[in-house]
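The values are calculated or read from the model by the stated rules, or taken from the named source; none is laboratory data. No experiment lies behind these values; they were computed from the predicted model shown. Glycine gets a Cβ as well: all are built from the backbone with ideal geometry, and neighbour counts include every protein chain shown.
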Amino acid sequence: MACGLLGIILNALLFAGKLFAGMLSGSVAVTADAFNNLSDAGSSIVSMLGFKLAGQKADSYHPFGHGRMEYVAGLIVAMLIVLMGAELAQSGLEKIAEPQQVTFTALTAVILSASIAVKLFMFAYNRVIGSRIGSVSMLAASTDSISDTAATAVVLISAVVSHFTGIQIDGWCGTAVGLFIIYAGCRAAYDTVSPLLGQRPSGEFVENVKKTVLAHREIEGVHDIVVHNYGPECVMVTLHAEVPAEGDILALHDAVDAAERDLEETLGCIATIHMDPVVNDADTRRLREETAEAVKRIDQRITIHDFRAADCSGGKRLSFDALVPFGMEKSDEELTAMIRDSAAAETGCEIDVKVEKGYV
């Protein structure tokens, strides 16, 4: 809340100062930049509201909390940035069509220079705090601040150039500033929409999940990791943990429970682990290695898991899942047939394969 209040106060002061400078100089770029700061104050209000809504406790209708409201707030901020950029670009185009003399004063230079310094501070402040607490809306605000810094710098340069050369580039600079702000807003929108849609977790987070689970010696491997993000404070992880089929079921269950607790304590996530018993005798290992080699010949990126070898009337029946990357040219049906044929030719066994995509 304090972060949002600081943003409101600073942007309101910048708006007042730039509006005065714009009226004094007659510069459409300076005036437009002032209203850009006014929209930033509104964005800070939206961010504060988003924080408040996101901080509500979970209830019967929203058992995972309201953390995604912060992403919604970040998206609204991004939309406001784009809207203001469009307004700035339009004002600049109008000034290009009907150029007007701009009066440059030392006071204008001081106000714009002070604005740049304040916006650089706000960029650093929002970036550091936003990264520390994982706040998408604060990171969006930091993007907005650095955009404002560039915009004000361009406005200041245009005023200086116009004053000393007589060349009226105020409209061109205003248009350039507007387009730059539109671009920054679109980038901020992408950063907030992505977690709402369900983006892939970071590789570092996935590796930490694997490391935490595999720290338990009873667990031999992990696969089918799925990460759901319900906001910065609520992340749910589900995965399959491979355990020896011949092990003590109670001891293995205790190990899985301990791994779930470790994930919650070390990574702050809600964890649900499915215990997946695997047979690891010499014959099964050989068949798995042969199958993996056969699959790799199709594409080096394909991996297998949930491998089972069972006796059947014709010999052995191998069942497994094949994890294929996104973006492959072949359809899942075509890949299934290719994997089945390749594995059957390599092992001489009947093959039952399920092709699936990875979520991490």
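Matching residues to (1) out of contact with any His (no Cβ under 9 Å at 6 or more places or on another chain); (2) outside the structural domain of D306 (by TED's automatic domain parsing); (3) buried (at least 16 other Cβ atoms within 10 Å of the Cβ); (4) not polar (S, T, N, Q):
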{"position": "G185", "(1), (2), (3), (4)": "yes, yes, yes, yes"}
{"position": "A188", "(1), (2), (3), (4)": "yes, yes, yes, yes"}
{"position": "T192", "(1), (2), (3), (4)": "yes, yes, yes, no"}
{"position": "L214", "(1), (2), (3), (4)": "yes, yes, no, yes"}
{"position": "R217", "(1), (2), (3), (4)": "yes, yes, no, yes"}
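Under the condition of being out of contact with any Asp or Glu (no Cβ under 6 Å at 6 or more places or on another chain) and part of a loop (DSSP other than H, G, I, E, B), which residue from region 88-110 is surrounded by the most Cβ atoms within 10 Å (Cβ to Cβ)?
F104
Out of all the residues in region 159-208, which are among the basic types (K, R) and within 30 Å of V222 (Cβ to Cβ)?
Result: R200, single match.
Would you please list the contacts, defined by Cβ atoms under 7 Å and residues six or more apart or on different chains, that run from a residue in region 71-96 that is hydroxyl-bearing (S, T, Y) to a residue that is in a helix (DSSP H, G or I)?
Y71/V136; Y71/T192; Y71/P195; Y71/L196; S91/V28; S91/A32; S91/G174
Quick one: which of G7, G67, G85, G55 is modelled with pLDDT of 75 or more, closer than 21 Å to V235 by Cα and buried (at least 20 other Cβ atoms within 10 Å of the Cβ)?
G67
Spot the failing condition for R132; the list is (1) under 30 Å from A271 (Cα atoms); (2) in a helix (DSSP H, G or I); (3) in contact (Cβ under 8 Å) with a residue 24 or more places away in the chain, and only one is missed.
(3)
I need a count of the residues in region 199-235 that are over 20 Å from L323 (Cα atoms) and among the hydroxyl-bearing types (S, T, Y).
2
Would you call A78 surrounded by 13 or more Cβ atoms within 10 Å (Cβ to Cβ), assigned by TED's automatic domain parsing to the domain that holds A140 and outside any helix (DSSP H, G or I)?
Criteria not met by A78.
I157 - would you say it is of a type in the set (V, I, T), under 13 Å from G7 (Cβ atoms) and touching a residue at least 12 places away in the same chain (Cβ under 8 Å)?
When the stated conditions are applied, I157 does not pass them.
Which pairs do you get when a residue that is assigned by TED's automatic domain parsing to the domain that holds G327, found in region 286-301, comes within reach of a residue that is among the basic types (K, R) and not in a helix (DSSP H, G or I), reach meaning Cβ atoms under 9 angstrom, with the pair 6+ apart or on two chains?
From residues that are assigned by TED's automatic domain parsing to the domain that holds G327, the pairs are L287/K316; I298/K330; D299/K330.
Among the residues that make up region 324-335, is at least one of them buried (at least 17 other Cβ atoms within 10 Å of the Cβ) and either in contact with a helix residue (DSSP H, G or I) (Cβ under 9 Å, 6 or more places away or on another chain) or outside any helix (DSSP H, G or I) (or both)?
Yes, that holds for at least one residue.
Against the condition among the aliphatic types (A, V, I, L, M), surrounded by fewer than 19 Cβ atoms within 10 Å (Cβ to Cβ) and either touching a residue at least 60 places away in the same chain (Cβ under 8 Å) or closer than 30 Å to A54 by Cα (or both), how does L263 come out, does it pass?
no
Before we move on, is T291 under 19 Å from H223 (Cα atoms), crowded, with 17+ Cβ neighbours inside 10 Å and among the hydroxyl-bearing types (S, T, Y)?
Criteria met by T291.
Just one of P325, P232 is of a type outside the set (A, V, I, L, M, F, W, C), modelled with pLDDT under 90 and touching a Lys or Arg at 6+ places or on another chain (Cβ under 7 Å); which is it?
Among P325, P232, only P325 is of a type outside the set (A, V, I, L, M, F, W, C), modelled with pLDDT under 90 and touching a Lys or Arg at 6+ places or on another chain (Cβ under 7 Å).
Counting residues that are out of contact with any strand residue (DSSP E or B) (no Cβ under 7 Å at 6 or more places or on another chain) and of a type in the set (S, T, Y), which helices (runs of 4 or more DSSP H) fully inside region 170-284 reach at least 3?
Where helices (runs of 4 or more DSSP H) fall fully within region 170-284 and carry at least 3 residues being out of contact with any strand residue (DSSP E or B) (no Cβ under 7 Å at 6 or more places or on another chain) and of a type in the set (S, T, Y), they are 170-197.
State whether the residues of region 110-129 include one that is of a type in the set (S, T, N, Q) and under 28 Å from E233 (Cα atoms).
Yes.
For region 314-329, give me the residue count where each residue is free of Cβ contacts under 8 Å to residues at least 12 places away in the same chain and either under 19 Å from H240 (Cα atoms) or not assigned by TED's automatic domain parsing to the domain that holds I351 (or both).
Number of matching residues: 0.
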